[in-house]
Amino acid sequence: MASGKKNYFRHSFSAHNDIKLLELRDEIGVGFYFYYFSLLELCGEASSENLKDFYEFHHSTIRKLWGVSLSKSEKIASKMHCVGLLEFQKMEKSFIFTIPNFAKFMGKYTNKITSNVPNKRKEKKRKEKESKEKESKENPAALDALNYLNSNANRQFKITQGNIKHINARLDEGHKLEDLKAVVDLKCHQWLDDAKMKTYLRPQTLFNSEKFDGYLQEAQEQLEILKQEKEEQQEYELFRKQKEAWIKAGRPKQGTTEYQKIIDSI
């Protein structure tokens, strides 16, 4: 074994029995093993010393990695998303992958065994727990926004740095909780019944710095349209009731006392 610290790929002997991988096999065939683990290797290679919240690769990179066409690459990645192995988003020129618990696949070895070294896994969990508690205590509005998204989109996003940071960033810019909820309402209305688009009902898409202002403006415009439609509906209902009362009263002439009583009574 070479000296010094190096990355290696940690692989479970029972991976072939993983239910999600078996579902992927049923969806895309025997190549499932290669497609999934070669993608993990690529993400690990791109991680260097630190893991990332998501990994973005140009279309050509994935095509070359898997040796398939662009449409086949998108299909394979979408199937991985559908069975729950990862989250996938296709951009104009790239693919974005978010891999849950990616750290479990990554490991390190050294040429020496050191005693009295703290358990890194426990230390990481402790820091993550402290981070979650700190985030929720410092900004309860962020937690409210995440819970609102989960409730309306039927999702179960957890209080992680990757999810909360996008919400906190928008709140730090001066946006209110109502603004975030308005965007959630708009996109749930537009995407929830769309099999493809509903996968984008997530914090990193809805509260993205480049997209949020556009979404919010669209939501406000939609709210104004709904407000106008409501006012028009109310005016119509008032007119309808007045007309019904006028007919019932024998159609009195406009300007008469009886006619005015009908108008005032509605």
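Here are a few things to note about the model shown:
- Comparison of Phe13, Phe34 shows that the only residue that is among the aromatic types (Phe, Trp, Tyr), at pLDDT 90 or above and either assigned to a loop (DSSP other than H, G, I, E, B) or more than 24 Å from Lys198 (Cα to Cα) (or both) is Phe34.
- Only residues that are within 18 Å of Lys93 (Cβ to Cβ) and either in contact (Cβ under 8 Å) with a residue 60 or more places away in the chain or not basic (Lys, Arg) (or both) were counted in the stretch 40-75, giving 19.
- Scanning the stretch 43-64 for residues that are in contact with a Phe, Trp or Tyr (Cβ under 7 Å, 6 or more places away or on another chain), in a helix (DSSP H, G or I) and surrounded by 15 or more Cβ atoms within 10 Å (Cβ to Cβ) yields Cys43, Gly44, His59, Ile62.
- Of the listed requirements (1) in contact (Cβ under 8 Å) with a residue 60 or more places away in the chain; (2) under 25 Å from Phe105 (Cα atoms), Tyr200 misses just one: (2).
- Residues of the stretch 70-89 that are outside any loop (DSSP other than H, G, I, E, B) and out of contact with any strand residue (DSSP E or B) (no Cβ under 8 Å at 6 or more places or on another chain): Leu70, Ser71, Lys72, Lys75, Ile76, Lys79, Cys82.
- Filtered residue count, the stretch 162-183, keeping only those that are farther than 17 Å from Asp213 by Cα and touching a residue at least 40 places away in the same chain (Cβ under 8 Å): 2
- Scanning the stretch 215-250 for residues that are acidic (Asp, Glu) and without any contact (Cβ under 8 Å) to a residue 24 or more places away in the chain turns up Glu221, Glu224, Glu229, Glu231, Glu232, Glu235, Glu237, Glu244.
The values are calculated or read from the model by the stated rules, or taken from the named source; none is laboratory data. These figures come from a predicted structure and were not determined experimentally. Heads up, the Cβs are rebuilt from the backbone with ideal geometry, glycines too, and the neighbour counts pull from every protein chain shown.
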